[in-house]
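The values are calculated or read from the model by the stated rules, or taken from the named source; none is laboratory data. Computed from a prediction, not measured in an experiment: that's the story for all the values here. So basically every Cβ, Gly included, is an ideal-geometry build from the backbone, and we count neighbours across all protein chains shown.
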């Protein structure tokens with residue numbers, strides 16, 4: 001297997017060269033890119049573990065598992081809270097019944113993603129510590145597949161419909177307050 005790239009550092013959990021909290025909707029879109037990259041890393045990790053089978057977990061797999069755990073333990077919950085506080089209520093209040101119904105679905109999917117992550121976390125933690133039991137590999141494979149699939153469909157709806165609608169409904173003052181609150185929650189300087 002090729003090298004498992006792009007370790008996630010504390011800096012990349014909250015910022016991106018092409019996004020800042022001055023443009024909170026751009027920051028949310030950049031977060032979606034990081035979710036996709038973390039899901040891709042998870043998929044490559046599972047493939048790598050399938051190749052290892054009964055062999056001990058190597059350092060590459062342990063590092064990748066720690067990167068995936070770090071992202072979905074730290075950054076993803078903050079991102080969901082951003083959407084729950086700043087995006088979804090704006091769209092629900094915007095007067096479009098179809099979009100409001102879609103937001104209801106996305107609320108439910110956030111809870112489902114959180115539940116799926118808790119199960120996946122428990123399966124990945126031993127990989128990160130190097131003590132992976134290969135008998136759990138089928139469960140990890142299924143959990144990862146389901147988690148990745150739900151993230152993909154969820155992000156597609158948000159990117160295509162919900163984020164643009166919320167952005168169109170937000171004033172400059174709304175964006176400034178949103179960016180400041182998002183940065184403060186992460187312990188970063190206000191924009």
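As for the range 121-140, it holds no residue that is out of contact with any strand residue (DSSP E or B) (no Cβ under 9 Å at 6 or more places or on another chain) and closer than 21 Å to residue 30 by Cβ.
Taking the criterion of being loosely packed, with under 13 Cβ neighbours inside 10 Å and more than 15 Å from residue 66 (Cβ to Cβ), the residues of the range 125-151 that qualify are 133, 135, 138, 149. Screening the candidates 49, 69 for the property of being part of a helix (DSSP H, G or I), at pLDDT below 95 and in contact with a helix residue (DSSP H, G or I) (Cβ under 7 Å, 6 or more places away or on another chain) yields one hit, 49. When the criteria are applied in full, residue 160 meets the requirement of being in a helix (DSSP H, G or I), more than 15 Å from the chain's Cα centre (by Cα) and surrounded by fewer than 13 Cβ atoms within 10 Å (Cβ to Cβ). Would you say residue 78 is in contact with a helix residue (DSSP H, G or I) (Cβ under 7 Å, 6 or more places away or on another chain), in a helix (DSSP H, G or I) and over 15 Å from residue 158 (Cα atoms)? Yes. So in the range 106-120, with the set limited to residues that are without any contact (Cβ under 8 Å) to a residue 24 or more places away in the chain and farther than 13 Å from residue 72 by Cβ, which one is nearest to the chain's Cα centre (by Cα)? Of everything passing the filter in the range 106-120, 111 is nearest to the chain's Cα centre (by Cα). Looking for something touching a helix residue (DSSP H, G or I) at 6+ places or on another chain (Cβ under 7 Å), over 17 Å from residue 32 (Cβ atoms) and surrounded by 15 or more Cβ atoms within 10 Å (Cβ to Cβ) - is there at least one such residue anywhere in the range 165-172? Within the range 165-172 (the criterion being touching a helix residue (DSSP H, G or I) at 6+ places or on another chain (Cβ under 7 Å), over 17 Å from residue 32 (Cβ atoms) and surrounded by 15 or more Cβ atoms within 10 Å (Cβ to Cβ)), the answer is yes, since at least one residue qualifies.
Each residue in the range 163-191 was checked for being in a helix (DSSP H, G or I) and over 22 Å from the mean Cα position of the chain (by Cα), and 7 pass.
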